[in-house]
Each structure stands twice: as C-alpha cells, then as structure tokens.
Amino acid sequence: MHIGDRIKRERRKRGWTQGDLAKASRVPQPLISRLESHARDNVTMLILRDLARALGCSMDYLAGMYDESEQMAADGAMVPA
C-alpha cells in the first residue's frame, strides 16, 4: 500500500479533511493532497514524523514497514484471526 493511502485511511478514520490534518500536523495541505493522490511518494523524516504524530500512528506504519494488523496490535487492539 502506498504511503498516501495510509495517510488517507488514518485521516478518514478521524473524520478529518486534508485541511484538518494540515493544521494538526503543520504539513502544507497541498503536500498532503499530492501524497494522497500518488503524485508524490517521498517525504522527509520530519514531515513523516509530523504526520504520524497528528494521526496517532507510527512513522513505520505510514512508511509501509508493516501492515494494518500489526498497527492494530501495536495500538493494543485485537487482531482479527
């Protein structure tokens, strides 16, 4: 899964617009839009950190180092069998 897909999924889970995420993370909304639309797929560690903090997930998860079930386990949620 692309980094933009993970950002969009986490943003939508919170009921946020791209503007809401931009405010919470201090990452420019046009950059969030480009990531979510796959027009851009590379970000600096600082941007990734700011997005992860705002979304309440890990940088590793956003970067695709592991999948959603592993994120759920890290969050303490039950992982479906």
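If you add up the charges near Arg34, with Lys and Arg at +1 and Asp and Glu at -1, over every other residue whose beta carbon is less than 10 angstrom from its beta carbon, what do you get?
On the way: positive: Arg40; negative: Glu36, Asp41.
Here the charged neighbours net out to -1.
Take the alpha carbon gyration tensor of the range 3-66, find the square roots of its eigenvalues, order them as a ≥ b ≥ c, and report rounded if a/c is under 1.5; if not, report prolate when a/b exceeds b/c, else oblate.
Working: a/c = 1.26, a/b = 1.12, b/c = 1.13.
Note, shape of the range 3-66 comes out rounded.
Protection proxy ranking of 47-55, 16-24, by the mean of other Cβ atoms within 10 Å over each peptide's residues and highest first, is 47-55, 16-24.
Values quoted throughout were computed directly from the atomic coordinates according to the rules given, and no laboratory measurement underlies them. Fair warning: this is a prediction, and the values are worked out from it, not measured in the lab. Please note: Cβ atoms are built from the backbone with ideal geometry, for glycine as well, and neighbour counts cover all protein chains shown.
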